[in-house]
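So the structure is just underneath, and the comments pick up after that.
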Amino acid sequence: ENIPLELHKVRIVQKLHLVPIERRLEALYEGGFNTFQLNTTDVFLDMLTDSGTNAMSDKQLSAMMIADDAYAGSQSFIRLQKAVDDVLGKKYLLPVHQGRAAEHILGVAYVKKGSMVPMNYHFTTALAHITECGGQISELLYPEAYKIDSDHPFKGNMNIEALEECIQKHGKDNIPYIRMEASTNLIGGQPFSVQNMRDVRAIADKYGIRLVLDASLLGENAYLVKQREAEFQDKSMAEILLTFTGMADIIYFSARKLSSSRGGGICTNDIKVYKELEALVPLFEGFLTYGGISIREVEAMAVGLYETLDETMISQSPSFIKYLVEEAKKLGIPMITPPGVLGAHVDAMSFCSHIPQTQYPAGALAAAFFLISGVRGMERGSVSNQRDENGNETYADMELLRLAVPRRVFTLSQVKYVIDRLKWLYDNREMIGGLKFYYEPSVLRFFMGKLEPT
Ligand code: F0G
């Protein structure tokens with residue numbers, strides 16, 4: 001057995017509960033078969049997300065005690081600025097309360113009616129903010145990215161020919177920026193290569209278009225580059241990260257992922273960009289030296305950014321995910337391969353091949369898996385999609401149940417429990433039924449929506 005080993009020890013723990021299945025069934029009805037609507041008192045293993053749920057280090061917690069609480073001019077912010085410069089290589093930092101706030105500000109500043117934003121793939125909140133500002137997106141992955149079972153090391157790569165075609169079709173003046181998302185979340189946490197970003201950079205230069213990097217999952221993307229891209233196998237995490245960030249004009253991130261804290265940021269070396277965005281931070285977020293984040297979290301964010309450089313830390317979640325995916329595959333369970341980051345992704349389209357996409361197979365699988373295991377995953381399929389401008393349903397390219405593996409939170413025996421329960425459900429998969437909405441909000445419906453069995 002290829003057992004992943006942790007280079008940390010657990011010193012603070014939180015008690016978990018495994019409530020009876022009858023209670024879990026009640027909880028599903030109360031929450032509209034939507035795992036976002038469950039209470040943690042009903043959840044055994046919370047694999048909803050890694051966002052804000054990664055374990056923090058002793059150094060992060062101790063840094064929080066020396067926070068310099070000031071409305072303006074806080075020294076905590078100066079320390080964060082230095083961390084961003086050291087780790088991401090960008091001098092100018094605009095703090096925001098979380099990743100989507102950065103997407104909001106970039107949208108307000110750069111996206112207008114008729115804008116087209118080419119990207120490797122959308123993330124829910126990134127898409128919502130662009131469409132909210134009147135823009136549209138083009139998703140430009142290679143066909144390999146949509147294959148469930150693959151050994152392609154970089155399914156998150158941007159299709160370079162398609163990018164150039166997209167620019168020629170829409171005109172460079174209608175393209176405010178090109179967006180690259182590290183460890184492409186919604187196709188199973190799949191990375192792109194340094195070489196691919198070099199190719200994207202060359203196109204951006206050719207047409208004079210800015211390149212924006214969503215760095216929320218950049219640490220893991222860089223770790224997988226070290227594992228999978230020959231040129232970088234002997235490079236340090238620091239070198240790989242700076243190679244990536246050096247190619248971006250603007251970087252934004254959710255610190256809830258990138259540095260295991262709260263908050264987020266937009267950073268750049270371009271003073272013009274900084275000036276274009278500066279006024280929006282006090283307007284929407286908070287003053288420029290806290291951006292709506294508590295100062296304690298600003299300290300934790302700075303320490304967390306440096307910890308991203310530690311391979312023994314950043315490898316923990318991907319190595320547990322690899323174990324989970326490979327063991328589940330051995331049992332015949334359809335999983336996204338190669339194993340990516342953030343979580344293990346179960347292919348609900350195949351797992352629940354008897355449920356049509358109109359009845360949300362991934363949502364149905366998420367609910368059923370919670371019922372039989374107490375494990376809370378997240379639907380990443382058509383429920384997470386948004387309707388088109390005419391109000392028609394748009395079906396997702398992939399119907400996934402995401403089982404997030406936040407960093408340094410779960411033990412291997414808990415992961416083995418997940419595999420065991422997945423196997424049981426797979427053997428009894430005909431018992432899973434489809435779902436339909438009875439309450440469907442118009443924006444980001446997957447958060448608050450409520451469904452019931454068809
Ligand atoms: N970009 C990516 C790639 C993300 O994964 C997320 C959040 C965001 C932006 C938005 O950041 O949540 O701080 O506002 N992903 C979380 C998830 C919510 O569960 O995958 P945020």
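The values are calculated or read from the model by the stated rules, or taken from the named source; none is laboratory data. Source: prediction; values computed, not measured. Backbone-built Cβ (ideal geometry, glycine too); neighbour counts: all protein chains shown.
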*Residues within the stretch 164-219 that are within 16 Å of the ligand (Cβ to nearest atom) and assigned to a helix (DSSP H, G or I), tallied*: 6
*Within the stretch 435-442, is even one residue out of contact with any His (no Cβ under 7 Å at 6 or more places or on another chain), among the hydrophobic types (A, V, I, L, M, F, W, C) and assigned to a loop (DSSP other than H, G, I, E, B)?*
no
*Residues of the stretch 125-176 being basic (Lys, Arg) and more than 22 Å from LYS206 (Cβ to Cβ), which ones?*
LYS147, LYS155
*Is the stretch 266-280 home to any residue that is among the polar types (S, T, N, Q), at pLDDT 95 or above and within 15 Å of the ligand (Cβ to nearest atom)?*
no
*Please go through the stretch 66-80 and pick out each residue that is surrounded by fewer than 18 Cβ atoms within 10 Å (Cβ to Cβ) and in a loop (DSSP other than H, G, I, E, B).*
ILE66, ASP68, ASP69, ALA70, TYR71, ALA72, GLY73
*Candidate set: the stretch 4-52, residues that are polar (S, T, N, Q) and touching a helix residue (DSSP H, G or I) at 6+ places or on another chain (Cβ under 8 Å); chosen: the one farthest from the ligand (Cβ to nearest atom)*: ASN39
*Filter result for LYS90 (part of a loop (DSSP other than H, G, I, E, B), in contact with a strand residue (DSSP E or B) (Cβ under 8 Å, 6 or more places away or on another chain) and over 30 Å from GLU452 (Cβ atoms))*: yes
*Filter pass, LEU451 being touching a Pro at 6+ places or on another chain (Cβ under 9 Å), more than 30 Å from SER315 (Cβ to Cβ) and surrounded by 21 or more Cβ atoms within 10 Å (Cβ to Cβ)*: no
*Pick out the one residue from VAL43, VAL108 that is within 30 Å of LEU371 (Cβ to Cβ), modelled with pLDDT of 95 or more and more than 20 Å from the chain's Cα centre (by Cα).*
VAL43
*Pick from the stretch 105-119 the residues that are outside any helix (DSSP H, G or I) and either touching a strand residue (DSSP E or B) at 6+ places or on another chain (Cβ under 9 Å) or not assigned by TED's automatic domain parsing to the domain that holds LYS172 (or both): which of them is farthest from the ligand (Cβ to nearest atom)?*
GLY114
*If you check SER259 against the conditions, is it modelled with pLDDT under 95, within 16 Å of the ligand (Cβ to nearest atom) and buried (at least 18 other Cβ atoms within 10 Å of the Cβ)?*
yes
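Matching residues to (1) more than 17 Å from the chain's Cα centre (by Cα); (2) assigned by TED's automatic domain parsing to the domain that holds GLY156; (3) within 16 Å of the ligand (Cβ to nearest atom):
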site: LEU88; (1), (2), (3): yes, yes, yes
site: ARG100; (1), (2), (3): no, yes, yes
site: GLU103; (1), (2), (3): no, yes, yes
site: TYR121; (1), (2), (3): no, yes, yes
site: THR125; (1), (2), (3): no, yes, yes
site: GLU132; (1), (2), (3): yes, yes, yes
site: TYR142; (1), (2), (3): yes, yes, no
_Members of the stretch 125-136 that are touching a residue at least 40 places away in the same chain (Cβ under 8 Å) and touching a helix residue (DSSP H, G or I) at 6+ places or on another chain (Cβ under 6 Å)_ = THR125, ALA126
_Given the options SER373, SER353, name the one that is of a type in the set (Gly, Ala, Ser) and surrounded by fewer than 20 Cβ atoms within 10 Å (Cβ to Cβ)._
SER353
*asked:* Against the conditions (1) of a type in the set (D, E, K, R); (2) within 16 Å of the ligand (Cβ to nearest atom); (3) under 27 Å from LEU18 (Cα atoms), where does ARG445 fall short? Just the number, please.
replied: (3)
*Which one is farthest from THR245 (Cα to Cα), of the residues in the stretch 275-309 that are more than 25 Å from the chain's Cα centre (by Cα) and either among the β-branched types (Val, Ile, Thr) or not in a loop (DSSP other than H, G, I, E, B) (or both)?*
LEU283
*Test each condition in (1) crowded, with 19+ Cβ neighbours inside 10 Å; (2) in contact with a Ser or Thr (Cβ under 9 Å, 6 or more places away or on another chain) for LEU324 and report the one that comes out false.*
(2)
*Restricting to the stretch 396-439, what's the tally of residues that are surrounded by 14 or more Cβ atoms within 10 Å (Cβ to Cβ) and aromatic (Phe, Trp, Tyr)?*
4
*Select, from ALA128, ALA83, ALA101, ALA63, the only residue that is assigned to a helix (DSSP H, G or I) and more than 27 Å from LEU242 (Cβ to Cβ).*
ALA128
*Among residues belonging to the stretch 332-365 that are over 28 Å from ASN157 (Cα atoms) and either at pLDDT below 95 or of a type outside the set (S, T, N, Q) (or both), point out the one that is farthest from the ligand (Cβ to nearest atom).*
HIS354
